[in-house]
Amino acid sequence: MLLSTALLLLPLTFACSERNDLYRALASGGASYPRYDTPREAVARAPAGSGVLILAGGYPERATAVDGALFEAAGRKKLRLYVEYPSALPGFETGAPRSTRWERAVVASGAFGPSLQKLRILAIHDCRFIPVRHAAADLVVARVAGFDTAVYGLPQKDVYPILFEHPRGNLLVATTKLSQFITGRYAPAEAWGPVWRRVLAWLAPGRPVPEIRWTPAVRPSFTRGQPLPSNAELEAMRRGIDWYFKARMFVHPSWKDAEEQAGKYPDRVGPKPEPGWPSGDGSLGVLEGFNSSIRWDGSQLVRWWLRNDCIGETAMALALASAVDRNAAHARVAANLTDFIYYNSVLASGSRADPKSASFGLVGWNTVPRYHQDMDGFGVYYGDDNARSMLGAMTAAAVLQSDRWDRPLLRCLLANLRTTGPLGFRGSRLDEAPLQKNGWRHYFTTPRTNYAPHYEAYSWAAFLWAYHKTGYPLFLERTRKAIRMTMQAYPREWKWTNGIQQERARMLLPLAWLVRLENTREHRAWLERMARDLLAAQDASGAIREELGAAGRGAYGPPESNEAYGSNEATLIQRNGDPLADLLYTTNFAFLGLHEAAAATGDRFYQDAADRLARFLTRIQARSETRPELDGAWFRAFEFHRWEYWASNADAGWGAWSVETGWTQSWITAILAMRRMKTSVWDLTAGSRIRRHLKELEPLMLR
């Protein structure tokens, strides 16, 4: 890690490891600060009247051993002490260390000047702190809602000081380890300079404080205005594909014990695969990705789910990468993943393989039995997830020039069609028990509407593709009707999930493919309107700013109280105007939709927007030397004003720092690959021979 600073030597003595982040940052410019291994030695050797930093070497397992004799010795020498994570404090009762879950650090005073104003929010990930009671603090931890600012103020209870001046004087206390701000990936990075200027200025009053500069442990690959190399997109695609292997996302047979252990983790979120573990070849699936929780050491937990959508989308990405680089190993992984969905897992087996079953042809959400009460994960059917898995499978099949998934793919298309109502709406999800009770004809014949593109739009795209390949009229008739009704209802009747921008982004793909089938003035106008409304919030950097929709129409808006923070799925912003790009729900699907719209119309308007987005995504891809499992990834959240990974982390499942193998990583790498190949999903799959199976399956499934 490169660390540098334009240093002015301060009268400071350190008690810490030579690997401590703050010590390395201050010493990296060539200045030599005295450092000792123990607080007692540092206090004994420090010049009278100088500053001593006693930094937490045993964090988080062991509090820093300090006692009354040490504080008395420091007092006799008139030392100014900064102490982290102390085991004891004079005049205070200290408790056993506590851990945070949804709490964040909040500025509680004006000590940091205009750079960090009161109620500004910071993140000390997985913070362990010594609980003490003290009224006046500079930083506290508390459960607060907000993007940058605690919009509802501090709670009335459970607010704990993190940085404060001790009443005895000459003692500044941090009840946690602030000096691990680089390794622990404390955020936002630009906020920690003012924190340390405050601490250093307090330690050496009246002395000019050096500017501390450091390289974040995980950071964007390029700065906002940095020129991109000519091969930047290609390298971003390659690094994005390599990430799957470096992060050990492909399950290996030797992981059996680890997979069983994962069932004991809350929501199957647990420690990541170790670097020395062998990587699988796709035959046992791919993990869902990284959870948003960053641990105290800067690592992240993994979501140990095997999801149909993530597996299909990852197969597509690996297949396209194999075509770009002529990599046979990647092609094998893509084929194995697709086989896993349709032939080698529970996802398409059981009732889903029984022609007499109402769920025949559907593919389950995940492989976990009893993931919730008495419900099996493979008995849950999101139309959206089925659709994206199918989009992945059809693309992988085309690239790999294989027809061995054509029959189960068409079977899945027809299964989704027969659980779609006469108006073309399927609803957010179906479950095995009511589906078996009601029978598929109930869903096929019952009119309903659902103006929610997040759930409906990609099913429509898959149906339009199926019509083009089979000529089966219901695919087009019901889809055209639903799209017309949805566009007529826009925007006043639209439901939004985490924001209105993701709904617009999802609509681009079916609208682009409708233009492919019926290139009318009306259909082109629908596509253009949706794109222009989405792109009205595209920043000069290429980022697409997230937006909330109409009040009362959203499923997962921002938390409405401090107590609600982290209690449900949620948007990444607190209010419209927050400079945030969402790569899980909006930006990724906008990239696909704009790419396909450009290919469908030949219009530079769509191509230019996609080009801007490609440059943005290339720049913000994560780079890290110390966390190789994150190098090449794309996190969900990116704050494009301060140019770093930051947002409200209120989402209970997929927060700001999550990385999804499907959804995000797969679509970004896939589109970068298709841009390199100068093709699109529609054109690439034009030769599909899926129609061969219609004569057999249509009477079996729809009569």
Q) Considering only residues of the stretch 93-108 that are of a type outside the set (S, T, N, Q) and exposed (fewer than 15 other Cβ atoms within 10 Å of the Cβ), which is farthest from Leu70 (Cα to Cα)? A) Arg101
(Q) So in the stretch 561-591, with the set limited to residues that are without any contact (Cβ under 8 Å) to a residue 60 or more places away in the chain and surrounded by fewer than 21 Cβ atoms within 10 Å (Cβ to Cβ), which one is nearest to Glu503 (Cα to Cα)? (A) Asn576
Q) Can you tell me which of Ala600, Ala581, Ala590, Ala564 is under 20 Å from Arg521 (Cα atoms) and not aromatic (Phe, Trp, Tyr)? A) Ala600
**Q.** Which numbered condition Asp611 misses (of (1) buried (at least 21 other Cβ atoms within 10 Å of the Cβ); (2) under 24 Å from Arg239 (Cα atoms); (3) charged (D, E, K, R); (4) touching a Gly at 6+ places or on another chain (Cβ under 9 Å))
**A.** (1)
Q) Has the stretch 201-218 got at least one residue that is assigned by TED's automatic domain parsing to the domain that holds Cys127, touching a Ser or Thr at 6+ places or on another chain (Cβ under 9 Å), within 23 Å of Ser87 (Cα to Cα) and not polar (S, T, N, Q)? A) yes
Q. Which condition does Asp281 not pass, out of (1) in a loop (DSSP other than H, G, I, E, B); (2) on the phi > 0 side of the Ramachandran plot, if it passes all the others?
A. (2)
(Q) Just to be sure before I move on: is Thr176 touching a helix residue (DSSP H, G or I) at 6+ places or on another chain (Cβ under 6 Å), of a type outside the set (A, V, I, L, M) and outside any helix (DSSP H, G or I) in the structure I sent? (A) no
**Q.** Extreme residue, nearest to Ala670 (Cα to Cα), among residues of the stretch 230-257 that are without any contact (Cβ under 8 Å) to a residue 24 or more places away in the chain and in the same structural domain as Arg619 (by TED's automatic domain parsing)
**A.** Lys256
Q. Out of all the residues in the stretch 641-682, which are surrounded by fewer than 24 Cβ atoms within 10 Å (Cβ to Cβ) and of a type in the set (Gly, Ala, Ser)?
A. Ala652, Gly653, Gly655, Ser680
Q.
I'm trying to understand the selection: among the residues of the stretch 176-205, which are buried (at least 20 other Cβ atoms within 10 Å of the Cβ) and more than 30 Å from the chain's Cα centre (by Cα)?
A. Arg198, Val199, Leu200, Leu203
Q: For Arg62, indicate whether it is more than 19 Å from Leu172 (Cα to Cα) and either surrounded by fewer than 14 Cβ atoms within 10 Å (Cβ to Cβ) or not aromatic (Phe, Trp, Tyr) (or both).
A: yes
Q) Could you count how many residues in the stretch 519-544 are at negative phi, in a loop (DSSP other than H, G, I, E, B) and either surrounded by fewer than 13 Cβ atoms within 10 Å (Cβ to Cβ) or touching a residue at least 60 places away in the same chain (Cβ under 8 Å) (or both)? A) 7
Q: Would you check if there is a residue in the stretch 441-457 being among the charged types (D, E, K, R), touching a Ser or Thr at 6+ places or on another chain (Cβ under 8 Å) and at negative phi?
A: yes
Q | Selection status of Arg128, under 22 Å from Arg185 (Cα atoms), among the charged types (D, E, K, R) and modelled with pLDDT under 95 | A | no
Q: Please go through the stretch 133-160 and pick out each residue that is out of contact with any Leu (no Cβ under 9 Å at 6 or more places or on another chain), hydrophobic (A, V, I, L, M, F, W, C), farther than 13 Å from Ser648 by Cβ and part of a loop (DSSP other than H, G, I, E, B).
A: Ala135, Ala136, Val159
**Q.** For Lys272: the one exception among (1) surrounded by fewer than 17 Cβ atoms within 10 Å (Cβ to Cβ); (2) charged (D, E, K, R); (3) not assigned by TED's automatic domain parsing to the domain that holds Trp102; (4) not in a helix (DSSP H, G or I)
**A.** (1)
Q. Quick check: is even one residue across the stretch 598-616 assigned to a loop (DSSP other than H, G, I, E, B), at pLDDT 95 or above and touching a helix residue (DSSP H, G or I) at 6+ places or on another chain (Cβ under 7 Å)?
A. no
Q.
When the residues of the stretch 109-121 are narrowed to those that are in contact with a Lys or Arg (Cβ under 7 Å, 6 or more places away or on another chain) and buried (at least 18 other Cβ atoms within 10 Å of the Cβ), which ends up nearest to Gly557 (Cα to Cα)?
A. Ile121
Q | Only one of Val132, Val144, Val173 that is under 25 Å from Val66 (Cβ atoms), in the same structural domain as Val43 (by TED's automatic domain parsing), in contact with an Asp or Glu (Cβ under 9 Å, 6 or more places away or on another chain) and buried (at least 22 other Cβ atoms within 10 Å of the Cβ) | A | Val173
Q: Could you grab me the full set of residues in the stretch 483-518 that are within 28 Å of Ser648 (Cβ to Cβ), surrounded by fewer than 17 Cβ atoms within 10 Å (Cβ to Cβ) and not basic (Lys, Arg)?
A: Pro491, Glu493
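The values are calculated or read from the model by the stated rules, or taken from the named source; none is laboratory data. Since the structure is predicted, the reported quantities are computational estimates derived from the model, not experimental observations. Cβ: placed from backbone, ideal geometry, glycine included. Neighbour counts: every protein chain shown.
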